[in-house]
Amino acid sequence: QVQLVESGGGLVQAGGSLRLSCAPSGRTFGIYAMGWFRQAPGKDREFVATITWNGDTTDYAGSVKGRFTISKGNVKNTVYLQMNSLKPEDTAVYYCAAKFGGSGSTMSGEYDYWGQGTQVTVSS
């Protein structure tokens, strides 16, 4: 089992910044990639960003490319999502996810473990 705990959400004005953190614990050996997804009210969960466990490869949704940065720390393998130039349309619950297996993915169904989510609200 893998446990994922997100933190860092909150309320911010448009144009502001937030940094989300995801701390994985438990049986993390074998995780191939970590991802961030988000779900706004009445919408499907959507891909935001992903990073391989070794930190070498990242991928972003087009809507956040150039504004968000995913990274992974060496201490406790915490995964971060730095969000800059936030827009009201970024308002959602943000979820961290872990994927086993040997390929990266932007598909939520291919991730094996999920955190509880953290709310991000961007006011106009």
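The values are calculated or read from the model by the stated rules, or taken from the named source; none is laboratory data. Here the structure is a predicted model, which is why all the values come from computation and not from measurement. As a convention, Cβ positions derive from the backbone with ideal geometry for all residues, glycine included, and neighbour counts pool all protein chains shown. Keep in mind that these areas ignore ligands, DNA and RNA; they rest on the heavy atoms of the full protein, side chains included. Shrake-Rupley method; radii C 1.70, N 1.55, O 1.52, S 1.80 Å.
Tabulated data for the structure shown
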{"read-out": "Accessible area per residue, Å², the chain with all protein chains present, probe 1.4 Å", "value": "51 Å²"}
{"read-out": "Given charges at beta-carbon only (K, R positive; D, E negative), |dipole| of region 1-99 in Debye", "value": "140 debye"}
{"read-out": "Listed residues S108, S71, S63, most fluctuating in the chain (Gaussian network, C-alpha, under 10 Å)", "value": "S63"}
{"read-out": "Accessible area of region 1-115 belonging to carbon and sulfur atoms, whole % at 1.4 Å probe", "value": "47 percent"}
{"read-out": "Built amide H within the under 5 Å cut-off of Y32, gap 5+", "value": "K99, F100, G101"}
{"read-out": "Loop-located trypsin sites (Lys or Arg not before Pro) in region 32-124 whose Cβ has at most 15 other Cβ within 10 Å (DSSP)", "value": "K43, R67, K76"}
{"read-out": "Relative counts (whole %) of C-alpha pair distances in region 58-124, using bins that are 5 Å wide", "value": "3, 13, 21, 28, 21, 10, 3, 0, 0"}
{"read-out": "Space enclosed by the convex hull of the alpha-carbon atoms of the chain, per residue, Å³", "value": "94 Å³"}
{"read-out": "Relative contact order computed over region 57-105 (Cα-Cα under 8 Å; 6+ residues apart), in percent", "value": "24 percent"}
{"read-out": "Mean separation of Cα contacts under 8 Å, 6 or more apart, over the residue count of the chain: relative contact order %", "value": "36 percent"}
{"read-out": "Region 4-63, relative contact order [Cα under 8 Å, separation at least 6], %", "value": "22 percent"}
{"read-out": "Residue of Q82, Q13, Q39 that the Gaussian network model of the chain assigns the largest fluctuation, springs spanning Cα pairs under 10 Å", "value": "Q13"}
